[in-house]
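Comments concern the structure below.
Coordinate-derived values only; no laboratory data. Please read these numbers as outputs of a predicted model, since none were measured by experiment. As a convention, Cβ positions derive from the backbone with ideal geometry for all residues, glycine included, and neighbour counts pool all protein chains shown.
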Amino acid sequence: MMSDAGSSSDHELQPLIKGSSARNGSAQTINNRSYSSSGQSCFSNMCSFGGNAVLFRSEPMSRCQLILQSEAAYNCIAELGELGLVQFVDLNPEVSSFQRKFVSEVKRCEEMERKMRYIQKEAMRDELPIHEPDENPPAPAPREMTELETSLSHLEKDLSDVTTNYVALKKNQQDLLEMKNLLSKADAFLSESSLQIADSAGDEETRNTDDAQLIDVRTDEGFSSMKFNITAGVIERSKMNSFERILWRVSKGNVFVRFSDIEDESAHGALLDKSVFMIFYQGEALKARVKKICEGYHAVVYPCPEKASERREMKYGVNTRLEDMKTVLNETEIHRRRLLETGARNLRLWFTKIRKIKAIYHCLNLFSFDVTQKALVAECWMPEHDIQVIQEALQRGADASGSTIPPILNSVAYVDEMPPTFNRLNKYTSGFQSLVDAYGVNSYREVNPAVYTIATFPFLFAVMFGDVGHGLIVLLAGIWMVMQENKLEKTAEKSEIFGIFFGGRYIILLMGLFSIYTGFIYNDIFSKSMNIFGSHWNYNETFQFPLKMEDSLMLDPGNRGQYQFTPYVFGVDPAWQSATNKITFLNGYKMKISLIFGLIHMVFGITLSLWNKVIKRSYADIFLEFIPQLYFIVAIFCYLIFMIMFKWVSYYADNATQDTNVWSEHCAPNLLITFINMMLFKAADPDPKLVAICQGKETYMYGGQYYIQVFLVISGVLMVPIMLFGKPIHTIMGRRARRRNYEPMADNLLDAEEGPARDGDTDASVEIRNGQPGGRSAPVSSGHGGGEDSFSEIMIYQGIHTIEYVLGSVSHTASYLRLWALSLAHSQLSEVLWSMVMNIPLSTSNPFVAVPMLYVIFSFWAVCSVGILVVMEGLSAFLHTLRLHWVEFQSKFYKGEGVLFVPFHFTGYLKEAEAADLEVIKGTP
Amino acid sequence: MGASWLPIIFFSLIWFVVGGIIPFMIPKNPNRGVLQVVLMLTGASCWLFWLCCYMAQMNPLIGPILPQKTLFAIHQYWNGWDD
């Protein structure tokens, strides 16, 4: 698409490079930039009324070359990072990220980050609060980075050591506990068995189990005489049964197993799901098999002494060891906690510092080394307004590093690149700017529609939403979010949907305000009307009783007793609320205001395109594009508005002058038919019944209307070929003049002279005869010179533009009727909700039934009101208003081909990294 | 012409003050231009909105069709005007 890219390069730079033949890298030191503000044309000054750096257009940017001494580079970049006003251009695009100069430092930073994330995870697992620092630590010097590195690695090593130790100790404790259980159960088994053996030996005295010593001696003898082998151990409870079965099978029934569950708690606190078993068997072969089976079942075998005394000693030993273990574990726990607390306290601080270091090194990677390898060179974009501040920051950085050579900032001319768009926003305007940016970022120094959107967006929303009650709900929601801004900031970052609403809190507040206003005008509060100023309709006839309730009567606008002959002071008269023809009246009214506001919005958009053309100094375009466009719309569509207002004002009903009034209500012509006839050049057929009274006012509202209409339509349509051919012919003539003059000057310099210095008429007529009016297909391509488009391309572009405009003017005008459609839908939904829901309890006659019913039904009505009418209709109206702005309004003047200015700023970088952190931590178990 | 001069002058004055007088009273801060534009646009559009509603009703060509019940209520509860 051919655009005025050549001529749209920043004209503020023209004073700098005019007169010098070099176009790249002309380095004039920054001190000469001070005259740029005086060198601005008076137009630019006029365009920034209200002060410099306002939102009307994006700020002037300059591309600068930054030369830093290597030692000073780090500190200077740190200062710039805090400032956040410089966008660096990558001077090493062909180099991969692994080959860049500072990649080792970046790797070190990432290693430190990994360690810190580990510490953070451990701290979060122990539910230690991570302390948020109040101050913003500056980026530390490289020395500090090494210190940080060592202390961090020590902390991490200590922590992991402690954790491993802890785990090992726990396992030990577990084993000891199992052993303790085993020993106590073994006591139980062996004493029982000893009983039975003693029984079988037939000695009744041995029933006395208190005399352990005696029995033991006996059982010892008994056992050794039987040569039993004992294997004792602990196994999981669930495996116990199959374990027993296998043992039985393998040993062919020659084995005796005793087992019992452990009811003790394990080291980790949960109930231990294991059982103690003792296997009694004979023979060495069986022993080996039993051992293998135990291994297979992951049963832990503990040495269990046969003698009870030995068992007692062992138990004593185990208990002591358990006590010691508990103390050691406690100490370990305390140590670990202390380490984590230290870590958690400084964690955020360290994170910030390390991230800043990493950011600085990433930025330094974009630099290139100059020949002497002593200085780093960078190219960057910065707003012209802030050059002073940036220089001071660089000076501070250089001083901090103690370097002697000051940093050098040169401005450099840019060739074909469009500078990035920078709008200085605050919390009020950022919402509206993001609405505009969502469609397309402003081209550099183009008119910024966001400023006007602040007022027109809530207004058009309110025209569609128009209800005092719902508007009040929206307003209260907006006020709540605005007042709780600081507290809700955190919640908004976590939840995406709430974040969207929170970001638009000022938009919502304004929308609520305007909706209350339009609600008063539509006289609609929760679908009811208010009678504040006294209705101007009345019924003055005498009533005939009994009243026939089904009868309806139309109040006569011509009767001074029924209509006061002046309208209701503010808004729609409340008499219309219960009228059966309310919608008929409101439709006519709302459709007309939709057209009125729509056309005003579009004419406003076209006027803004005038400003764009003035900025670009393409004065010829004003006559070739702007004036024809404006005239086309005004002549055809604004004439419709004129007719609407004329009809509103002139035609009236008055019974007193009924028969002689040419402006009576019977004579009012139908505007739609008049408009269609105007387009078709059809003379209207007068109605014979009305001619006598109206004398022509029923077809034509004023004398000469037919001829004026014909003139308007024809002159409007004549604008189309001007739009279609004007600009291409002008461009071609300009090129031929240039070729004739044979000067190899830059395109943009010529364009500045082209406007006032148009070629003489004789040349023009010669060119026009030679050039083809319908030359879209003719290959008259003057494609000489680098980026010039051929004639056919210019024609195609202009043709598309013209067709889009002409057809768009019809379709966009009709598109504004959605203002009517949505407001009708809203008011009808609201009315239906009231009459179907709230009316039921309100029209019940028995108060004892009605009151509880009202109590319950009110909640349902309220939920539906907020859910359907406020949220759903609100979102719908928001979307339609957005569409109206993006398509109908902005297509008249907006290019939106810009690139956003993304400065090197620590806050943005840190926020991103924190969000990424949360993701990583959520991901790993 | 069914318009009475008092409401017209009153509301036009209000919106003229909002859109035409207050913008010049905003102190010099960086947002001055934006605030001026917003106030002017608000004043103009809200005034026009009110005016269209006023003009649409001042010479009505049809009247509201009301059921008998409502007419009786209007007669009873709303104070008319002295003719």
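Straight-line cross-link reach from A:Lys185 at under 16 Å between alpha-carbon atoms covers these lysines, not counting any fewer than eight positions away in the same chain: A:Lys274, A:Lys307, A:Lys315.
Counting 0.36 nm for each residue step from A:Lys682 to A:Arg312 and taking away their Cα separation leaves a gain of 121.0 nm. With contacts taken as Cα pairs under 8 Å at a separation of at least 6 residues, chain B carries a relative contact order of 34 percent.
Normalised by the number of residues in segment A:348-419, the average gap of Cα pairs under 8 Å and 6 or more apart makes the relative contact order 15 percent.
The simple Förster model, with R0 at 25 Å and r as the Cβ-Cβ distance, assigns A:Thr163 and A:Glu912 a FRET efficiency of 0.25. Using a Förster radius of 56 Å, what is the FRET efficiency between A:Ile500 and A:Asn670 based on their Cβ-Cβ separation? Nearest 0.05, please. With a Förster radius of 56 Å, E is 0.75.
Within 10 Å of the Cβ of each residue in A:450-457, the mean number of Cβ atoms contributed by other protein chains is 4. Note on segment A:819-876: Cα convex hull, mean projected area over all directions, 3.8 nm².
Extension gain, A:Val832 to A:Arg345, is 169.4 nm, computed as 0.36 nm per intervening residue step minus the present C-alpha separation. Sparsely packed loop sites in segment A:627-721 (the chymotrypsin sites (Phe, Trp or Tyr not before Pro) outside DSSP H, G, I, E and B with at most 14 other Cβ atoms within 10 Å) comprise A:Phe681, A:Tyr702. Only lysines eight or more places from A:Lys590 in sequence, or on another chain, were considered; those with a Cα closer than 16 Å are A:Lys582, A:Lys647. The gain in end-to-end length when the A:Arg560 to A:Glu333 segment is fully stretched comes to 72.3 nm, 0.36 nm per residue minus the alpha carbon separation. Centre-to-centre, using Cα atoms only, segment A:65-128 and segment A:389-422 are separated by 19 Å.
If you wrap the Cα atoms of segment B:30-70 in a convex hull and average its projected area over all directions, you get 4.4 nm². Using the Cβ of A:Val468 as centre and a radius below 12 Å, the other residues enclosed give a net charge of -1, where K and R count +1 and D and E count -1.
Fraction of C-alpha pairs exceeding 14 angstrom in segment B:5-78: 71 percent, rounded to a whole number. Taking the Cα centre of segment A:387-476 as reference, the dipole from Cβ charges on Lys and Arg (+1) and Asp and Glu (-1) amounts to some 200 debye. Taking label points 7 Å from Cα along the Cα-to-Cβ direction, A:Val482 and A:Gln395 give a separation of 4.1 nm. Each principal axis of the Cα cloud of segment A:816-925 was evaluated for its coordinate range; sorted largest first, these ranges are 71, 53, 20 Å.
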